[in-house]
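The structure appears below as structure tokens.
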Amino acid sequence: MHVATMLNGGYMAAGEPMASVLFIKTSSLGDVIHHMPAIVEARRRRPDARFAWVVEEAFAPLVRLHPAVDEVLAVASRRWRHAMLSPATWREARAFRRAVRARSYDAVIDTQGLLRTAVISGLARGRRHGYDAASIREPLASRFYEVRHRVSRDLHAIERNRTLTGLALGYAPDGAIDFGLDRGALAGAASSPFAILLHATAREDKQWPEARWIALGRALAARGLELQCPWGTDAERQRSERIAAAIPGARALDRLPLDALARHIAAAQFVIGVDTGLLHLAAALRVPLVGIFVGSEPGLTGPKGQGPIAIVGGKGALPEVDETRAALDGLDG
């Protein structure tokens, strides 16, 4: 197997025509959004190519909104692993395998770099590109790729995606980050102005204390905006309801499918949130935002985009309410 470390060390040479590319980035939501600038840039460089994307079924509705994606292949690995012996699981898995193998690809690019996504790449018919063993958390995954690319782990996740995609397709990434999502086209008409508090995150070490959300919400309530709290699980729903009940005029949203929630976020005046996928979605939509970081490093996975962005806190640093309010006020300036 060839190890590629230079721009044209991969399968596709610069300027070579390409018919079809399969991208594999399945989850989580933040990772999926971080891959979008790579797709946008690849579309700009290869305007006539056909792009397919393998993504976890929960995030497929969002990917289907993306104008650069021609086909979405939804995989249900998260759901399947909880029912491995079910006949329905095996039927769905066989149908997914048939869908992946339905066409040949000029390039198969796994920007996730996990063993499970590498296995998916092995199902596809095409030249398989991925990270080399030194560039990923699960080095065994690199054995599934025919062309392995070295990409620094010190880069932001967005730049890692762009770099790997460029190496595989034969160009050097350049220009500003563009997620390819149109806020104006997605935003619905809001009956009254509102802002969104994204308190929910799957990792407990990324959470901001509930009491601080309430204190912040009470301070913001005087601005005349309805504060809304989305949720995805029962535990998050209960937390949303507690926070909303303690803030004048706030409410917990009904649960929305991801594409509908994207349209709703696009219509918000601003978003304040912890390090969670929906915060990155707000950044992709250029919605003004304040990111609250507690248990992760914003330099590697923080929100990026062309809209107003402020970050408070950091890994091991718990930001204060006043610091967060000041960051929001700074966006207005």
Subject >> helices (runs of 4 or more DSSP H) wholly inside segment 176-287 that include at least 1 residues being farther than 30 Å from ASN161 by Cα >> reply: 210-221, 234-245
**OP:** Working only within segment 13-57, note down all residues that are modelled with pLDDT of 95 or more, among the hydrophobic types (A, V, I, L, M, F, W, C), surrounded by fewer than 24 Cβ atoms within 10 Å (Cβ to Cβ) and not in a strand (DSSP E or B).
**Re:** LEU29, VAL40, ALA49
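Residues ARG116, ARG162, ARG153, ARG148: which one is under 30 Å from GLU236 (Cα atoms) and either assigned to a strand (DSSP E or B) or of a type outside the set (A, V, I, L, M, F, W, C) (or both)?
Details: ARG162 fails: under 30 Å from GLU236 (Cα atoms); ARG153 fails: under 30 Å from GLU236 (Cα atoms); ARG148 fails: under 30 Å from GLU236 (Cα atoms).
The unique qualifying residue is ARG116.
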**OP:** Return the total of residues in segment 58-72 being more than 13 Å from the chain's Cα centre (by Cα), within 21 Å of SER121 (Cβ to Cβ) and open to solvent by 10 Å² or more (accessible area, probe 1.4 Å).
**Re:** 4
**OP:** Out of ARG101, ARG125, ARG97, ARG78, report the one residue that is open to solvent by 80 Å² or more (accessible area, probe 1.4 Å), out of contact with any strand residue (DSSP E or B) (no Cβ under 9 Å at 6 or more places or on another chain) and without any contact (Cβ under 8 Å) to a residue 60 or more places away in the chain.
**Re:** ARG97
Original post:
Name the residues in segment 276-324 that are touching a Ser or Thr at 6+ places or on another chain (Cβ under 7 Å), of a type outside the set (Gly, Ala, Ser), open to solvent by 10 Å² or more (accessible area, probe 1.4 Å) and under 28 Å from PRO67 (Cα atoms), would you?
Top reply: THR276
Original post:
Of the residues that sit in segment 254-267 and are of a type in the set (A, V, I, L, M, F, W, C) and in contact with a Leu (Cβ under 9 Å, 6 or more places away or on another chain), which one is surrounded by the most Cβ atoms within 10 Å (Cβ to Cβ)?
Top reply: ILE265
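Being open to solvent by 30 Å² or more (accessible area, probe 1.4 Å), out of contact with any strand residue (DSSP E or B) (no Cβ under 6 Å at 6 or more places or on another chain), free of Cβ contacts under 8 Å to residues at least 24 places away in the same chain and under 30 Å from ALA49 (Cα atoms): is that true of SER152 here? Outline the logic, then answer.
On the way: open to solvent by 30 Å² or more (accessible area, probe 1.4 Å): yes; out of contact with any strand residue (DSSP E or B) (no Cβ under 6 Å at 6 or more places or on another chain): yes; free of Cβ contacts under 8 Å to residues at least 24 places away in the same chain: yes; under 30 Å from ALA49 (Cα atoms): yes.
Answer is yes for this residue.
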Original post:
Just checking, how many residues over segment 201-219 are at pLDDT 95 or above, of a type in the set (A, V, I, L, M) and either under 20 Å from the mean Cα position of the chain (by Cα) or open to solvent by less than 10 Å² (accessible area, probe 1.4 Å) (or both)?
Top reply: 1
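The values are calculated or read from the model by the stated rules, or taken from the named source; none is laboratory data. From a predicted model like this one, the values you see are computed outputs, not experimental measurements. Cβ coordinates were reconstructed from backbone atoms using ideal geometry, including for glycine residues, and neighbour counts include every protein chain displayed. For the accessible areas, the whole protein counts, side chains as well, though only heavy atoms, and no ligand, DNA or RNA atoms are used. Shrake-Rupley method; radii C 1.70, N 1.55, O 1.52, S 1.80 Å.
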